[in-house]
Amino acid sequence: NSVYLILFHYGVLDNSSYSQHLLALADAYFDLSSLSFKDSATLINSQHTHILLDLQLHTLGNRFEITALRPSSLQINYLVYPGTSGADFIDSLVADPVVIAVEYSKFYSEKLLLVPPSYQISFYDDVSIQAMQDNDLLTSSLVPIITDTSVSQSFQLKQILRRQNQLPGDARCFVYCNFNKVDKIDPLSFAVWMSILRRVPNSVLWLLDPHPPHTNTYNNTNNNTNNNTTTAKKNLLEAASAAGIHTSRILFASRTSKVAHIVRHVAADVFLDSFIYGAHSTATDALRGGLPVLTILGDSFPNRVAASLLTSFTSHSPPLFQSSLLLDILVVDSCKEFEDVAVRLSRMMIGFRRTVSNSVSNTANTMTNTMTNTMTNTM
């Protein structure tokens, strides 16, 4: 009735809390980084590994050749590569009924292991008050604000976090964001985002700075990383300008710790998903930070993950998400609906914040009721 967990690793351990946590969970650990594909497969097989989860497949830094040698009797594709391996030596794929609809199952070479409500399991470090203080996110004077569940204090915290993140402090300004890697921003998604900004004049788009946090650990072929990321930012700003959006309305979030990243979601209003390759862990981060994620239900695994996460985000959700109406409207079917809902959400939330700023007696329950009523009237 127990599982003996073996961790086989061939990347670069970064001594992060996540690496240390994984090592602590494992019953045994083997470093394959200096071994050949054949020797790696032999070692895995020698450990009588019954089930092998390949967490790389066709992604950067993979050593798919090891799995191809069939070191285990059951080999599974899970979590990192969102699609079929197309390989006869990968037996199963862990997914859920949202990311892989029944009509698309015929396109997968693996046997599907569908785990409702969502296939994605995420681990988070502590995001408690103590953790935020340890990361210099909260001074002692801010603790009463974040521990107070009243809407007025939540509104105050949002304004403080906006100032800390160099965002507009005007309560009438609506902050859309997308913290996906820059290579997930496709032309259609960006065009729709710009259309949203045109329709919501007092709004900004907050993106993750494309500059990477560290150099590529898997190869040294990309010596022009800084030039490429500078070009990426320049191209984004030029595309915004060409769409009639002043570049001052496109803001960039610098890289930071995981705890700080989760907390700063409070400063934004809505996460806008990308269309071809949507948010996965970034959507989880947003939901963890209490931020609504607006997404299109696409036709492939990579652009259906946010919908899967929203489907599962119920019992542990903050008051804002406990309105089924809000959850229902966050998953849409077209670019037109996506744009219209994004605009509608801005009107709803800005109006709601005006009410909050004039009142100090509202509670979290009142917030939920007000949001639901406003949405019903708006729609």
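The values are calculated or read from the model by the stated rules, or taken from the named source; none is laboratory data. Keep in mind it's a predicted model, so treat the numbers as computed, not measured. Because the Cβ atoms are built from the backbone with ideal geometry, glycine has one as well, and the counts that use them run over all protein chains shown. Accessible surface areas use protein heavy atoms only, side chains included; no ligands, DNA or RNA. Shrake-Rupley method; radii C 1.70, N 1.55, O 1.52, S 1.80 Å.
Taking 0.36 nm per residue of separation and subtracting the current Cα-Cα distance, fully stretching the chain between H48 and F30 would add 5.1 nm. Seen from F89, the other residues with C-beta closer than 11 Å to its C-beta sum to a net charge of -4, counting Lys and Arg as +1 and Asp and Glu as -1.
Taking packing as the residue-averaged number of other Cβ atoms within 10 angstrom, the listed peptides 64-71, 251-258 run from highest to lowest as 64-71, 251-258.
With q set to 0.18, 0.20, 0.28 Å⁻¹, the log10 of I(q)/I(0) for the range 1-62, from the Debye formula over equal scatterers at the Cα positions, is -0.74, -0.91, -1.45.
Counting only protein heavy atoms and using a 1.4 Å probe, the accessible area of Y81 comes to about 70 Å².
Between the listed residues Y81, V94, H50, the Cα displaced farthest toward the positive end of the dipole of the range 46-106, a dipole computed from Cβ unit charges relative to the Cα centre, is found at H50.
The packing ranking of peptides 12-24, 283-295, highest mean first, is 283-295, 12-24, where packing means the average number of other beta carbon atoms within 10 angstrom of each residue. Take the residue pairs K181/K258; K233/K258; K158/K336; K106/K336 and return only those whose Cα atoms are more than 27 Å apart. Among K181/K258; K233/K258; K158/K336; K106/K336, the Cα-Cα distance tops 27 Å for K158/K336; K106/K336.
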